[in-house]
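Novice: Take a look at this one; I'll ask things after.
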Amino acid sequence: MHDRKDQILRVASELLLTRSFTSFSYQDLSDRLGIRKASIHHHFPTKDDLLVALTERYRLGQKKRLDEIDASQKTPWEKLEAYMDSITTIMESGNKICPLGSLQAELNVLPEAARDVLRQLYETPKRWLTRVLTEGRTTGTMDFEGSPEEQAVVLLAALQGGLQIARSQGPREFTAIVKQIKLGLTAPVGKSR
């Protein structure tokens with residue numbers, strides 16, 4: 001029974017990452033899984049219930065990934081590189097959408113419960129990046145203008161936007177964004193960039 005729920009979430013995630021949440025139905029899930037829609041409704045009575053479960057799954061996966069980076073990388077730069085590599089993996093995995101970006105684009109049609117988890121899905125990497133950037137500035141290994149929190153917001157926006165651009169323009173554009181992020185964090189403050 002638990003396996004079926006995981007299968008539904010896995011396929012729903014795949015559809016969300018390749019289309020969007022509003023562009024697939026329980027019929028699409030049923031067709032892909034070879035099960036009746038009633039089986040899907042048994043685990044997720046409404047599509048809103050499915051969305052809340054999906055966003056929570058993304059949040060937990062994201063937290064796990066960030067904890068793994070913290071455990072395996074020592075310096076702020078190593079942590080940032082590992083984080084950007086994980087985003088690059090999304091870009092290299094085909095024509096996929098960032099789950100956060102996809103859901104944020106549909107914010108106006110999402111149920112309130114999913115919006116709360118979506119806010120957490122954004123805040124988790126923002127807080128993590130703020131901490132890494134603070135550490136980088138404190139140790140003198142990173143230099144940037146503005147606060148670490150502001151820089152984290154810019155970094156998230158650049159990477160998320162880069163994933164969208166890469167879908168239509170190819171990976172070269174995303175690579176340029178990552179390169180510019182790195183240059184922006186190492187350039188001396190107060191100097192022309």
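Novice: Hey, which of the helices (runs of 4 or more DSSP H) in the range 1-94, taking only ones fully inside, have at least 2 residues that are more than 21 Å from the chain's Cα centre (by Cα) and on the phi < 0 side of the Ramachandran plot?
Specialist: In the range 1-94, the matching helices (runs of 4 or more DSSP H) lie at 2-18, 26-33, 37-43.
Novice: Just one of Gly162, Gly170, Gly184, Gly146 is of a type in the set (Gly, Ala, Ser) and under 16 Å from Pro76 (Cα atoms); which is it?
Specialist: The conditions single out Gly184.
Novice: Residue check: is Val178 touching a Ser or Thr at 6+ places or on another chain (Cβ under 6 Å), in a helix (DSSP H, G or I), touching a residue at least 12 places away in the same chain (Cβ under 8 Å) and not small (Gly, Ala, Ser)?
Specialist: no
Novice: Among the residues of the range 71-89, write down those that are in contact (Cβ under 8 Å) with a residue 24 or more places away in the chain and out of contact with any Leu (no Cβ under 6 Å at 6 or more places or on another chain).
Specialist: Thr75, Pro76, Trp77, Lys79, Leu80, Tyr83, Met84, Thr88
Novice: Can you tell me which of (1) open to solvent by 60 Å² or more (accessible area, probe 1.4 Å); (2) in contact (Cβ under 8 Å) with a residue 12 or more places away in the chain is the one Gln62 doesn't meet?
Specialist: It is condition (1) that Gln62 fails.
Novice: Can you confirm whether Glu150 is more than 24 Å from Glu92 (Cα to Cα) and either free of Cβ contacts under 8 Å to residues at least 24 places away in the same chain or β-branched (Val, Ile, Thr) (or both)?
Specialist: It is true that Glu150 is more than 24 Å from Glu92 (Cα to Cα) and either free of Cβ contacts under 8 Å to residues at least 24 places away in the same chain or β-branched (Val, Ile, Thr) (or both).
Novice: Among what's in the range 95-147 and is among the hydroxyl-bearing types (Ser, Thr, Tyr) and not in a helix (DSSP H, G or I), pick the residue that is farthest from the chain's Cα centre (by Cα).
Specialist: Out of the qualifying residues, it is Thr141.
Novice: Can you pull out every residue in the range 160-172 that is under 18 Å from the mean Cα position of the chain (by Cα) and open to solvent by less than 80 Å² (accessible area, probe 1.4 Å)?
Specialist: Within the range 160-172, Gln160, Gly161, Gly162, Leu163, Ile165, Ala166, Pro171 qualify.
Novice: Inside the range 35-51, can you point out the residues that are over 18 Å from Ala113 (Cα atoms) and either open to solvent by less than 70 Å² (accessible area, probe 1.4 Å) or in contact (Cβ under 8 Å) with a residue 24 or more places away in the chain (or both)?
Specialist: Ile35, Ala38, Ser39, Ile40
The values are calculated or read from the model by the stated rules, or taken from the named source; none is laboratory data. From a predicted model like this one, the values you see are computed outputs, not experimental measurements. Note: ideal-geometry Cβ built from the backbone for every residue, glycine included; neighbour counts use all protein chains shown. Just the protein is used for accessible areas: all its heavy atoms, side chains included, with ligands, DNA and RNA removed. Shrake-Rupley method; radii C 1.70, N 1.55, O 1.52, S 1.80 Å.
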